[in-house]
1. Say we join alpha carbon atoms closer than 10 Å with springs in a Gaussian network model of the chain; which of PRO28, PRO54, PRO215 then has the biggest fluctuation?
2. Given a 1.4 Å probe and the protein chains all in place, what does the accessible area of HIS164 round to, in Å² to the nearest 10?
3. Heavy-atom accessible area per residue, segment 74-227, 1.4 Å probe: how many Å²?
4. Which cross-chain or sequence-distant (5 or more) residues have an amide H under 5 Å from the amide H of PHE211, H modelled 1.01 Å from N in plane?
5. State, in angstrom, two size descriptors of segment 36-104 derived from its alpha carbons: Rg to one decimal place and Dmax to the nearest whole number.
6. Please build a GNM for the chain, connecting alpha carbons under 10 Å apart, and tell me which residue among TRP192, TRP77, TRP146 fluctuates the most.
7. Return the long-range amide H neighbours of ARG272 (sequence gap of 5 or more, or a different chain), with a cut-off of under 5 Å between placed amide H atoms.
8. Taking 1 over the mean of 1/r across every pair of different Cα atoms in segment 14-168, what Kirkwood radius in Å do you get?
Amino acid sequence: MRRLVVCLALSARAAAAQAPNTEVYLAPLSRQGDSIVVGAVQNITHRPGYDNQPSFLLDGSALLYTAAGPDGQTDIWRYDIRTRRTTRVTATPESEYSPTAMPGGARFSVVRVERDSTQRLWSFAMNGTDPQLVVPTLQPVGYHAWLGPNRLVAYVLGTPSTLHVVDRDGSNDEIRARDIGRSLQRIPGQGWYSFTRRDSTKAFWIIGQPFEGGPLAPLVHAPSDNEYHAWTPDGLLLSASEGEIVRWNAHTGDDGEWLTVAAIPGVRNISRLAVSPDGRWLAFVAEPASPER
């Protein structure tokens, strides 16, 4: 197991160093009747290298994201929407990934690759100080989402990967699913979360389950085999297909079809999406269609 954890941590750093140039994009969202509208898209990172994993603060005023230096070392950065100011939040010998605002809004959690290559959840104050270990027994963690102040869902790496719902003190650790994808989302206002898993044909399904457990509920096939998705506050599910943002209505089912919301010019391979808690902003990751900056 120790060898597996070391290999995973080294692979994560190597992937960040060798991954395609990815940028974080931001766009306003609005509703017009039953339609959702994506406004003017901004590239908020606009630099060579790996920028990824955007996540909004609870008040929607800013977002956190992961950025890698030339050596693959990753830290957490913050982009303030009103001022358009970018600030480095962490500057540690360790690498941090997957920043996520914690319930209450005073801290954020990350997946940290520790000096011995262990991958566990840590938290920081919003200014990047006061690191604290969260869920000491859970490792190697890849991704996570908070279900409440003391309960979270986590993707744990392994063969196969496993989905855990666990208390932050490490108790009540339940394995809910195996061989899952990397996108974990809290469904707003429903007491449910969603994740992805491949079916027998190797296509991704987006699946829901109540916080407290129970049968898994397949919701819809992921579009174009893209496992990344995000929910609006009123229950629209957003994902992407190549250079398009698409949506599916959980209330009506849309006959299982994904509908195009917007074609985003100048990008390809849209992946990680995040919607601000107030539903006013969409962030996503993509590769510029042209390598020129």
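The values are calculated or read from the model by the stated rules, or taken from the named source; none is laboratory data. Keep in mind the model is a prediction, meaning the values are calculated, not measured. Positions of Cβ are backbone-derived with ideal geometry, glycine not excepted, and every protein chain shown enters the neighbour counts. Accessible surface is based on the protein model in full, side chains and every heavy atom, while ligands, DNA and RNA are left aside. Shrake-Rupley method; radii C 1.70, N 1.55, O 1.52, S 1.80 Å.
1. Answer for the Gaussian network model of the chain: PRO215.
2. Its heavy atoms expose roughly 20 Å² to the probe.
3. Numbers: 6740 Å² over 154 residues.
Per residue, segment 74-227 has 44 Å² of solvent-accessible surface.
4. TRP192, TYR193
5. According to the Cα coordinates of segment 36-104, Rg and Dmax are 12.7, 42 Å.
6. TRP192
7. VAL285
8. Values: mean 1/r = 0.0607 Å⁻¹.
Evaluated over segment 14-168, this radius sits at 16.5 Å.
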